Structure formats: structure tokens, C-alpha cells
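**Student:** A single structure is presented below for examination.
The values are calculated or read from the model by the stated rules, or taken from the named source; none is laboratory data. Because the structure is predicted, anything quoted here is derived from the model rather than measured. Positions of Cβ are backbone-derived with ideal geometry, glycine not excepted, and every protein chain shown enters the neighbour counts. Note: areas computed on protein heavy atoms with side chains; ligands, DNA, RNA excluded. Shrake-Rupley method; radii C 1.70, N 1.55, O 1.52, S 1.80 Å.
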Amino acid sequence: MDKKIKILIVDDFSTMRRIVKNLLNDLGFSDTAEAEDGQGALAHLRSNRCDLVVTDWNMPGMSGIELLRAIRADAQFAKLPVLMVTAEANRDQIIEAARCGVNGYIIKPFTANTLEEKLTKIFERLEAAA
Amino acid sequence: MNAPAPVPAAPIEDPARIVELLTRALHAVEADDAARYRECIDALAEWRTRPLYATFGRLAREIAEAMSSLPVDSRLGALAGCELPDARARLDFVTHMTEEATHRTLDLVEENRRLLDEIDAATDPAAVHAAVLALRANLSQMALAQEYQDLTGQIIRRVTEIVGRVETALADCGVTFEPAARSPVRSFGPAIKHLDAPAVSQNDADALLSDLGF
């Protein structure tokens with residue numbers, strides 16, 4: 001797993017962004033950026049390189065699922081991996097996220113192990129596809 | 001095409017007036033007098049809508065009477081006017097307070113990590129001792145930062161009481177609510193045991209995604 005990748009953390013709560021950032025740092029990923037909602041994330045993606053998006057679902061403004069749809073709708077980001085980290089734990093929602101092309105789904109509250117496991121899986125698949 | 005169902009006819013009000021208007025309209029057509037014909041037809045149309053206005057007037061009066069006879073409207077007014085904005089402000093404060101406490105705790109966690117690195121790298125026992133003392137002080141601060149739970153707990157309990165009063169007042173008015181339909185596109189926040197549909201666990205989510213080919 002390449003630890004030099006650029007990761008965008010999207011969550012409306014600054015505390016959650018900080019927790020995710022700390023966990024990513026512990027796993028060796030130190031190149032992170034943050035956005036407060038889907039709009040902010042899209043604005044960031046349009047002007048910065050990014051290799052992975054870690055996003056919450058429930059955010060005021062543009063939600064995580066809308067962000068995922070917007071990312072998949074844009075040819076430029078169609079292959080950008082998106083990991084959903086969310087308290088939304090309803091079957092239909094997980095199916096919806098899958099339908100929209102999510103690459104991983106973590107339910108809050110979560111552990112550092114879960115995050116590591118999902119990241120490893122995402123990159124294994126990407127490497128297998130490459 | 002099916003004819004519309006017949007509406008039960010009301011008794012004709014003031015038949016002489018209608019006959020007069022229709023006769024005048026007929027004469028106007030025969031005399032090719034468009035202005036007079038239009039005038040008669042307008043008068044007929046106006047006459048036709050009059051019972052409707054009367055019905056609306058009666059309905060408005062009845063609604064006004066029903067509203068004023070509701071036993072709790074002043075209670076609801078007070079709730080909507082000050083208690084609900086007050087509840088909202090209190091909940092905003094809870095969000096703010098929990099955020100502050102979490103940042104304070106995270107600050108201390110980061111500081112402790114730095115101290116652990118220091119201890120790990122230290123060769124001088126005095127430096128180790130100083131770092132351990134600092135670490136201990138930070139742990140106390142971290143415990144102290146959790147006191148927000150007591151304060152936010154009290155605030156939330158008060159908001160729960162306000163919500164309870166709104167619920168009682170609305171129920172006394174006969175207002176009932178259907179639970180909102182769930183949609184997979186909307187977000188709901190964390191599922192709460194006994195309140196929401198059982199949450200899917202991380203294992204269930206993994207199995208589900210794996211079934212879907214992920």
C-alpha cells in the first residue's frame with residue numbers, strides 16, 4: 001500500500017475529521033486534506049490531486065451520497081476510490097451506496113482495525129484491476 | 001366518454017330573476033347586441049357563484065369558531081414562541097460543548113503521544129521522570145474534560161421535558177403524526193436501539209457488499 005497517497009477527509013464535524021486524520025496518520029498516511037461537506041469536497045477535488053476520498057454520509061449542504069454520485073458522474077473522477085464512514089446503518093442505504101459505486105463502507109462507531117482493513121481491501125482491488 | 005356523475009341540484013333561487021336575465025340575453029342575441037348579451041351572461045354567472053361565496057363565508061366562520069374553542073392554543077403559542085427556540089439554542093450549545101470537549105481531549109492525546117516518544121528516546125532518568133509527570137497531569141486533564149457529559153446531560157434532560165410538553169399540547173389538540181417514510185437516499189444519523197430499525201453491523205454490511213460483488 002502506497003503511504004504517500006493524498007487522502008481527502010469529508011465530515012461536517014471537525015472532531016470526526018480530526019479523529020479520522022489521526023487514525024490515518026497512525027496507519028502511516030500523512031498527506032491528508034479536509035472538507036466540511038460535498039460541495040467543499042468537490043471544490044477541493046477540482047483544484048487538487050487526490051487519490052482517495054473518505055466521506056461521511058449525513059452532512060448539511062451536499063451529503064456524502066450526493067458527493068459520491070457527483071464523483072462518479074464526472075469522467076475525471078470516475079475511478080477515484082470513495083470510502084464511506086458513516087452512522088447510516090440501514091440495509092437500503094448500504095445497497096444505495098453500492099449502487100452509486102462506493103468502494104468501501106464503514107459503520108460508525110468504528111475501530112482503527114476496521115479502517116485499516118477496508119483501506120487495504122480498496123488498494124488490493126485497485127492494484128488487481130491495474 | 002363517460003358523462004360526469006350528476007350533482008344533486010339545489011332548488012333554483014329567485015327563478016323570476018333568471019327568466020328575466022335569460023329572456024334579455026335571448027333578445028340581445030336576436031338584436032345582435034353583443035354588449036347587452038355579455039352583460040346578461042355576466043349577471044347570470046355572478047348569480048351562479050353567489051351560493052359558493054355564502055358557503056365559503058360559512059366555512060371560514062366555522063373554522064374561526066373551532067380554532068378559538070381549542071383548549072390549548074395559548075399553550076401551543078407559548079411553546080412555539082419561546083420554549084422551542086429555547087430548546088434549539090440549548091441543543092446548539094450541547095453540540096458546541098461536546099465539540100470543545102472532544103478537541104480538548106484530542107489535544108491532550110496528541111500531547112501524550114509526543115511525551116511517549118520523548119520517554120522512548122530519553123537517556124536521562126530526570127527527563128523520563130519529567131515526561132511521566134506531564135503525562136500523568138495530562139491524563140487527569142483528559143478525565144476532567146469528560147465533565148461535559150454531566151452538563152450536557154442536564155441540558156438534554158431539560159429539552160426532553162420541553163419536547164414532552166409540545167407532544168402533550170399537540171395530542172390535546174388531536175394532532176397525530178404518521179411516522180415519516182424511510183427512503184434509502186435520505187440520511188438518518190445513528191440508529192438507536194428500540195427506536196430505529198435494527199442497525200446493520202459492520203459484519204452484516206461487509207457480507208451485504210460482498211453479495212453485491214464488492
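**Student:** Among residues belonging to the range A:108-122 that are open to solvent by less than 20 Å² (accessible area, probe 1.4 Å) and among the hydrophobic types (A, V, I, L, M, F, W, C), point out the one that is farthest from the other protein chains (Cβ to nearest Cβ).
**Tutor:** Selected residue: A:119.
**Student:** Sort out which residues of the range B:177-196 are at pLDDT below 75 and either open to solvent by less than 80 Å² (accessible area, probe 1.4 Å) or more than 10 Å from chain A (Cβ to nearest Cβ) (or both), and write them in order of number.
**Tutor:** Listed by number, the residues that qualify are B:177, B:178, B:179, B:180, B:181, B:183, B:184, B:185, B:187, B:188.
**Student:** Counting only residues that are touching a Phe, Trp or Tyr at 6+ places or on another chain (Cβ under 9 Å), give me the helices (runs of 4 or more DSSP H) lying completely in the range B:97-214 with at least 1 of them.
**Tutor:** Output list reads B:148-172, B:202-211.
**Student:** Considering each of A:38, A:64 in turn, give the residue that is closer than 18 Å to residue A:98 by Cβ, modelled with pLDDT of 95 or more and small (Gly, Ala, Ser).
**Tutor:** After ruling out the rest, the residue left standing is A:64.
**Student:** Then there's this: Among the residues of the range B:106-126 satisfying the criterion of being of a type in the set (Val, Ile, Thr) and either within 30 Å of residue B:79 (Cα to Cα) or more than 9 Å from chain A (Cβ to nearest Cβ) (or both), which is surrounded by the fewest Cβ atoms within 10 Å (Cβ to Cβ)?
**Tutor:** Ranking the candidates gives B:123 first.
**Student:** Residues that are within 12 Å of another protein chain (Cβ to nearest Cβ): list the strands (runs of 3 or more DSSP E) wholly contained in the range A:1-90 that include at least 3 such residues.
**Tutor:** So the answer is A:82-86.
**Student:** Now a separate question. If only one of B:135, B:151, B:144 is in the same structural domain as residue B:93 (by TED's automatic domain parsing), modelled with pLDDT of 95 or more and surrounded by 12 or more Cβ atoms within 10 Å (Cβ to Cβ), which one is it?
**Tutor:** Within the list B:135, B:151, B:144, the selection yields B:135.
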